[in-house]
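Enquirer: If you scroll down you'll find the structure; I have some questions about it.
The values are calculated or read from the model by the stated rules, or taken from the named source; none is laboratory data. What you see is a predicted model; the values in this text were computed from it and never measured. Every residue, glycine as well, gets a Cβ built from its backbone with ideal geometry; the counts of neighbours run over all protein chains shown. Areas reflect the complete protein model, heavy atoms only, side chains present, ligands, DNA and RNA absent. Shrake-Rupley method; radii C 1.70, N 1.55, O 1.52, S 1.80 Å.
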Amino acid sequence: MIQKKIKILYTIPNFDTAGSGKVVYDLINNLDRTIFEPEICCFHTKGSFMEEIEKLQVKIHVFPFAINYRPFFSFPFRLLKIILFFKNHQFDIIHSWHWSSDFSEPLAAKLAGIPWIYTKKAMGWGNKAWKWRSALSAKIITINDDMKSFFEDRMPDKIEAIPLGVDTHYYVPRLKNENTLLEELTIDKNDFIIISVVNLIPKKGIEILIKAIIELNNPQIKLYIVGNNTGEYAQGLLELTKGNLNIKFLGKKMDVRPYHAIADLFVIPTLELAEGLPIAPLEAMASGNIVIGSNVSGIKDILEPFPSYLFETNNVESLKAAILRILNMSLEERVQLAKDMRTHVENEFSLEHFIKMNSKLYKKILKRE
């Protein structure tokens, strides 16, 4: 007898950026469609990555799957709409990628009788709404060791540790001297190129990296920041670097691979409690870059075999020392370190492992193993 496909709804607020959106894209794109029938629900269809999502050829629902519990008097009626939406489409599992502490979505799923799971993407969970969200879930997917430890102490039966994965066939090392960006950005063969691919918001700590480059005052070192450079914080960074020709903001790029190809080093200087498991450094390592990062949750998981390449959070001097350590390496040492970091991603953070673990969890929840 042929079993019915497992119908999974992936909920995510939007695809404005390609961070979590790219992870959801990879997950859906690589699921076995003979077993699973994925669908997506989001608040709107705006966003630079939405065109890629539409290419998946899955049903996309535009619906408010999560609501504010205030005003209280209308909450039950608004919640009922979500319950009916879940029920009427007969989803087998709802997998939430919503970053918020919202509990309306899991409550609606519970009342609809549908197992609801969520991937915990960031390191905040102190308020009551997070506790309700977790209590109402069937499973909580953790993506770094600190998350896992936190939840295992409180609700061990609900925890599934599944780190995010990157496509190591898409992100591959490329020859630097074949890149047209070298001429476009007027990069000299002796320049030491640092790249950071980042959403320019305060918790990412980019001002620490900028200050380190300014203080190093080495004309050989050039920093290229790839990311959306609008907003108050970004404008402050632009002001900080005004007149410095060795620091450039390149804006948001849908394909970051050419920028990895010109880099000698990738730096992620995130501040405390700001990361779950950042994808950008994994993509950089898979692309053959050396990566150094601040010693915070998520980044220290990625660099676990390379602890000496972590620098002290929010510490310009520590970051400067880490940069100089790479700069002063021989070419042979750099090549070997880059190879070792890519191998680590292939072994621990591959897309294949990520898909396999999520697929296994879905089957376990529905007792299809």
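Enquirer: Would a scan of the range 354-366 turn up a residue that is of a type in the set (Val, Ile, Thr) and under 22 Å from Val226 (Cβ atoms)? Reasoning before the result, please.
Expert: Within the range 354-366, the subset of a type in the set (Val, Ile, Thr) is 355, 365.
Still in the running and under 22 Å from Val226 (Cβ atoms): none.
No, the range 354-366 has no match at all.
Enquirer: OK, next. I'd like the residue in the range 219-235 that is surrounded by fewer than 16 Cβ atoms within 10 Å (Cβ to Cβ) and polar (S, T, N, Q) and, out of all such residues, is modelled with the lowest pLDDT.
Expert: Ranking the candidates gives Thr230 first.
Enquirer: List every residue pair whose Cβ atoms sit under 6 Å apart, with the two residues 6 or more apart in sequence or on different chains, where the first one lies in the range 162-188 and is of a type in the set (Phe, Trp, Tyr) and the second, anywhere, is open to solvent by less than 100 Å² (accessible area, probe 1.4 Å) and in a helix (DSSP H, G or I).
Expert: From the range 162-188, the pairs are Tyr171/Glu283; Tyr171/Ala286.
Enquirer: Being of a type in the set (Lys, Arg) and within 22 Å of Ala212 (Cβ to Cβ) is the filter here, so list the residues in the range 174-201 that pass it. Explain how you work it out, then say what you get.
Expert: Filtering the range 174-201 for residues of a type in the set (Lys, Arg) gives 174, 176, 189.
Within the range 174-201, none qualify.
Enquirer: Can you find, within the range 55-77, the residue that is farthest from the chain's Cα centre (by Cα) among those that are open to solvent by less than 60 Å² (accessible area, probe 1.4 Å) and more than 12 Å from Thr11 (Cα to Cα)? Reasoning before the result, please.
Expert: Here is the first cut: in the range 55-77, the ones open to solvent by less than 60 Å² (accessible area, probe 1.4 Å) are 56, 58, 60-61, 63, 65-67, 74-75.
Filter once more, so that each one left must be more than 12 Å from Thr11 (Cα to Cα): 56, 58, 67, 74-75.
Details: Leu56: 20, Val58: 22, Ile67: 24, Ser74: 35, Phe75: 32 Å.
So, considering only residues that are open to solvent by less than 60 Å² (accessible area, probe 1.4 Å) and more than 12 Å from Thr11 (Cα to Cα), the one farthest from the chain's Cα centre (by Cα) is Ser74.
Enquirer: Got a number for residues in the range 251-299 being in contact with a Ser or Thr (Cβ under 9 Å, 6 or more places away or on another chain), open to solvent by 30 Å² or more (accessible area, probe 1.4 Å) and assigned to a loop (DSSP other than H, G, I, E, B)?
Expert: 6
Enquirer: If you don't mind, there's one more thing I want to ask. Out of the residues in the range 85-111 that are in contact (Cβ under 8 Å) with a residue 12 or more places away in the chain and surrounded by fewer than 15 Cβ atoms within 10 Å (Cβ to Cβ), which is nearest to Ile40 (Cα to Cα)?
Expert: So, considering only residues that are in contact (Cβ under 8 Å) with a residue 12 or more places away in the chain and surrounded by fewer than 15 Cβ atoms within 10 Å (Cβ to Cβ), the one nearest to Ile40 (Cα to Cα) is Gln90.
Enquirer: Filter the range 126-147 down to residues that are free of Cβ contacts under 8 Å to residues at least 24 places away in the same chain and open to solvent by 70 Å² or more (accessible area, probe 1.4 Å) and give me whichever is farthest from Gly298 (Cα to Cα).
Expert: Taking the range 126-147 as the starting set, the residues that turn out to be free of Cβ contacts under 8 Å to residues at least 24 places away in the same chain are 126, 128, 131, 135, 140, 142.
Filter once more, so that each one left must be open to solvent by 70 Å² or more (accessible area, probe 1.4 Å): 128, 131.
Values: Lys128: 24, Lys131: 22 Å.
Taking the candidates together, the pick is Lys128.
Enquirer: Of Ile210, Ile206, which residue is touching a residue at least 60 places away in the same chain (Cβ under 8 Å) and either in contact with a Gly (Cβ under 6 Å, 6 or more places away or on another chain) or open to solvent by less than 60 Å² (accessible area, probe 1.4 Å) (or both)? Outline the logic, then answer.
Expert: Working: Ile210 fails: touching a residue at least 60 places away in the same chain (Cβ under 8 Å).
None of the other options fit; the residue is Ile206.
Enquirer: Also: Count, please, the residues in the range 31-48 that happen to be without any contact (Cβ under 8 Å) to a residue 60 or more places away in the chain and out of contact with any Lys or Arg (no Cβ under 6 Å at 6 or more places or on another chain).
Expert: Of the residues in the range 31-48, 11 are without any contact (Cβ under 8 Å) to a residue 60 or more places away in the chain and out of contact with any Lys or Arg (no Cβ under 6 Å at 6 or more places or on another chain).
Enquirer: So, one more: Restrict the check to the range 338-358 and report whether at least one residue is outside any helix (DSSP H, G or I), surrounded by 14 or more Cβ atoms within 10 Å (Cβ to Cβ) and among the hydroxyl-bearing types (Ser, Thr, Tyr).
Expert: Going through the range 338-358, the residues outside any helix (DSSP H, G or I) turn out to be 349-350.
Pick out the ones that are also surrounded by 14 or more Cβ atoms within 10 Å (Cβ to Cβ) and you get 349-350.
Next cut, among the hydroxyl-bearing types (Ser, Thr, Tyr) only: 350.
Yes, the range 338-358 has at least one match.
Enquirer: Moving to a separate point now. Select from the range 138-168 the residues that are of a type outside the set (Val, Ile, Thr) and touching a Leu at 6+ places or on another chain (Cβ under 8 Å) and list them in ascending order. If you could, list the steps in order and put the result at the bottom.
Expert: Filtering the range 138-168 for residues of a type outside the set (Val, Ile, Thr) gives 138-139, 144-158, 160-161, 163-165, 167.
Matches in the range 138-168: Lys139, Asn144, Glu160, Pro163, Leu164, Gly165, Asp167.
Enquirer: Can you go through Ile326, Ile302 and tell me which one is farther than 30 Å from Leu9 by Cβ and open to solvent by less than 20 Å² (accessible area, probe 1.4 Å)?
Expert: Details: Ile302 fails: farther than 30 Å from Leu9 by Cβ.
One residue alone meets the criteria, Ile326.
Enquirer: Here's another thing I want to ask about it. Being more than 21 Å from Leu209 (Cα to Cα), of a type in the set (Ser, Thr, Tyr) and open to solvent by 10 Å² or more (accessible area, probe 1.4 Å): is that true of Ser308 here? Outline the logic, then answer.
Expert: Working: more than 21 Å from Leu209 (Cα to Cα): no; of a type in the set (Ser, Thr, Tyr): yes; open to solvent by 10 Å² or more (accessible area, probe 1.4 Å): yes.
Answer is no for this residue.
Enquirer: Could you pull out the residue among Leu223, Leu240 that is closer than 20 Å to Leu181 by Cβ and hydrophobic (A, V, I, L, M, F, W, C)? Let's see the steps before the verdict.
Expert: Numbers: Leu240 fails: closer than 20 Å to Leu181 by Cβ.
After ruling out the rest, the residue left standing is Leu223.
Enquirer: Would you point out the residue of the range 258-277, among those that are out of contact with any Leu (no Cβ under 9 Å at 6 or more places or on another chain) and at pLDDT below 95, that is nearest to Pro219 (Cα to Cα)?
Expert: If we take residues in the range 258-277 being out of contact with any Leu (no Cβ under 9 Å at 6 or more places or on another chain) and at pLDDT below 95, then Leu271 is nearest to Pro219 (Cα to Cα).
Enquirer: Restricting to the range 12-27, and then to whatever is surrounded by fewer than 19 Cβ atoms within 10 Å (Cβ to Cβ) and not polar (S, T, N, Q), can you tell me which residue is nearest to Ser48 (Cα to Cα)? Let's see the steps before the verdict.
Expert: Of the range 12-27, the ones surrounded by fewer than 19 Cβ atoms within 10 Å (Cβ to Cβ) are 14, 16-17, 19.
If we keep only those that are not polar (S, T, N, Q) too, we end up with 16, 19.
On the way: Asp16: 6, Gly19: 11 Å.
Step by step, filter the range 12-27, then rank; the result is Asp16.
Enquirer: Could you tell me which residue of the range 185-197 is modelled with the lowest pLDDT, considering only residues that are open to solvent by less than 20 Å² (accessible area, probe 1.4 Å) and hydrophobic (A, V, I, L, M, F, W, C)?
Expert: It comes out as Leu185.
Enquirer: When you scan the range 113-128, do you find a residue that is among the aliphatic types (A, V, I, L, M) and within 17 Å of the chain's Cα centre (by Cα), even just one? Lay out the reasoning, then the answer.
Expert: If we filter the range 113-128 for residues that are among the aliphatic types (A, V, I, L, M), which is where we start, we get 114, 117, 122-123.
Imposing the further condition that a residue be within 17 Å of the chain's Cα centre (by Cα) reduces the set to 122-123.
Checking the range 113-128: at least one residue is among the aliphatic types (A, V, I, L, M) and within 17 Å of the chain's Cα centre (by Cα).
Enquirer: From the list Leu238, Leu182, Leu216, which residue is over 25 Å from Ala286 (Cα atoms), open to solvent by 30 Å² or more (accessible area, probe 1.4 Å) and modelled with pLDDT under 95?
Expert: Values: Leu182 fails: over 25 Å from Ala286 (Cα atoms); Leu216 fails: modelled with pLDDT under 95.
Exactly one of Leu238, Leu182, Leu216 is over 25 Å from Ala286 (Cα atoms), open to solvent by 30 Å² or more (accessible area, probe 1.4 Å) and modelled with pLDDT under 95, namely Leu238.
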